[in-house]
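A short worksheet on the structure shown next.
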Amino acid sequence: MENKIIAANWKMYKVKRDVDAFFEIWRKYERLKNEIVIIPQAPLLSYVKNFLSYEKLGAQNCSDKKEGAFTGEVSPYLLKDTGCDYVLIGHSERRHIFGEKNEIMGLKIKNAIEANIRPIYCVGEKLEEREKGKTIDVVFEQLSVLKGLPSGGYDIAYEPVWAIGTGKVAKKEDASFVQGKIKEYLSQNKIGEGARILYGGSVKPDNSSELLMAPNVDGLLVGGASLDPGSFFKIVSSG
Ligand code: PGA
């Protein structure tokens, strides 16, 4: 099996002593072939960076601006300077709790790529959209912001909103189907060169292996189950 990318989205959890405790255990585990990305809150980035050896560092969000009078924003250029290789863009919590609109996503992705950071662009439908059979329409609409951007340099995470933090994981067939459609969309529009498609939403040690083996699943974006080093290691080593 080819190497996968497995990212730990720590969301708004952990302070420094929790990071110490995580890496005290994590360091004892063997190094794995899969690419691992740790994504902590922005003020923890430098701190976490000190613990990393082969793992990569990622941020949870970035501004669509380079620099300027934009209080509270974080520039991808500073993220790069801090050691980030990845940044999440368009996570459903940004879209649905903080009201970030689809239109700004393209600008953020472009800005991150120009800062030499690889965006992981998150897409996915809400439960009511799924029930109305609109999954593919919603996902394609979210992907449309990629048209007109550099043809590559980013990855995509398919995260059905109804599966995030709920314990309801998408069936591997559903993840494969939607992720296959995402690949078709990218290739038909001649975009997304080299993009890997991650699955996210209630990934746990007991479902990660079958998800990782499913067609079109090139990696995983893990929230809750990445907070504990033991459970994250089981996920990372399961495929
Ligand atoms: P979860 O979160 O694994 O806790 O469902 C995934 C995510 O939000 O990226």
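Can you find even one residue in the stretch 89-111 that is over 15 Å from the mean Cα position of the chain (by Cα), more than 16 Å from the ligand (Cβ to nearest atom), assigned to a loop (DSSP other than H, G, I, E, B) and loosely packed, with under 14 Cβ neighbours inside 10 Å?
Keep residues of the stretch 89-111 that are over 15 Å from the mean Cα position of the chain (by Cα), which gives 96-104, 106-107, 110-111.
Among the residues that remain, those that are also more than 16 Å from the ligand (Cβ to nearest atom) are: 99, 101-104, 106-107, 110-111.
Of the ones still in play, those that are also assigned to a loop (DSSP other than H, G, I, E, B) are 99, 101.
Subsequent filtering for residues that are loosely packed, with under 14 Cβ neighbours inside 10 Å retains 99, 101.
The answer is yes; a qualifying residue exists.
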**Message:** When you scan the stretch 172-195, do you find a residue that is under 21 Å from MET12 (Cβ atoms) and either touching a Leu at 6+ places or on another chain (Cβ under 7 Å) or surrounded by 21 or more Cβ atoms within 10 Å (Cβ to Cβ) (or both), even just one?
**Reply:** no
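Report yes if some residue within the stretch 70-84 is at pLDDT 95 or above and within 16 Å of the ligand (Cβ to nearest atom); otherwise report no. Walk me through it before giving the result.
Start the filter on the stretch 70-84 by keeping residues that are at pLDDT 95 or above, which leaves 70-84.
If we keep only those that are within 16 Å of the ligand (Cβ to nearest atom) too, we end up with none.
Checked the stretch 70-84: no residue is at pLDDT 95 or above and within 16 Å of the ligand (Cβ to nearest atom).
When the residues of the stretch 158-169 are filtered to those that are in a loop (DSSP other than H, G, I, E, B) and among the aliphatic types (A, V, I, L, M), which remaining residue is nearest to VAL222 (Cα to Cα)? Working first, answer last.
From the stretch 158-169, those in a loop (DSSP other than H, G, I, E, B) are 159-160, 164-169; that's our starting set.
If we keep only those that are among the aliphatic types (A, V, I, L, M) as well, we get 164, 169.
Details: ILE164: 9, VAL169: 12 Å.
Among residues in the stretch 158-169 that are in a loop (DSSP other than H, G, I, E, B) and among the aliphatic types (A, V, I, L, M), the one nearest to VAL222 (Cα to Cα) is ILE164.
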The correct count of residues that are surrounded by fewer than 18 Cβ atoms within 10 Å (Cβ to Cβ) and not basic (Lys, Arg) in the stretch 45-77 is 14
Notebook entry, point to check: Quick check: is even one residue across the stretch 170-183 under 15 Å from the mean Cα position of the chain (by Cα) and part of a loop (DSSP other than H, G, I, E, B)?
Noted result: no
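Of a type in the set (A, V, I, L, M, F, W, C), surrounded by 22 or more Cβ atoms within 10 Å (Cβ to Cβ) and within 10 Å of the ligand (Cβ to nearest atom), is that true of LEU198?
Numbers: of a type in the set (A, V, I, L, M, F, W, C): yes; surrounded by 22 or more Cβ atoms within 10 Å (Cβ to Cβ): yes; within 10 Å of the ligand (Cβ to nearest atom): yes.
Spelling it out, LEU198 is indeed of a type in the set (A, V, I, L, M, F, W, C), surrounded by 22 or more Cβ atoms within 10 Å (Cβ to Cβ) and within 10 Å of the ligand (Cβ to nearest atom).
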Within the stretch 209-224, of all residues that are closer than 16 Å to PRO160 by Cα and buried (at least 22 other Cβ atoms within 10 Å of the Cβ), the one farthest from the ligand (Cβ to nearest atom) is VAL217
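Could you tell me how many of the residues in the stretch 79-88 are within 19 Å of the chain's Cα centre (by Cα), in a helix (DSSP H, G or I) and surrounded by fewer than 19 Cβ atoms within 10 Å (Cβ to Cβ)? If you could, list the steps in order and put the result at the bottom.
We begin by selecting, within the stretch 79-88, every residue within 19 Å of the chain's Cα centre (by Cα); these are 79-80, 82-88.
Among the residues that remain, those that are also in a helix (DSSP H, G or I) are: 79-80.
Imposing the further condition that a residue be surrounded by fewer than 19 Cβ atoms within 10 Å (Cβ to Cβ) reduces the set to 80.
Within the stretch 79-88, residues that are within 19 Å of the chain's Cα centre (by Cα), in a helix (DSSP H, G or I) and surrounded by fewer than 19 Cβ atoms within 10 Å (Cβ to Cβ) number 1.
The values are calculated or read from the model by the stated rules, or taken from the named source; none is laboratory data. Just so it is clear, the model here is predicted, and its values are computed rather than measured. Neighbour counts run over all protein chains shown; Cβ positions are idealised from the backbone, glycine included.
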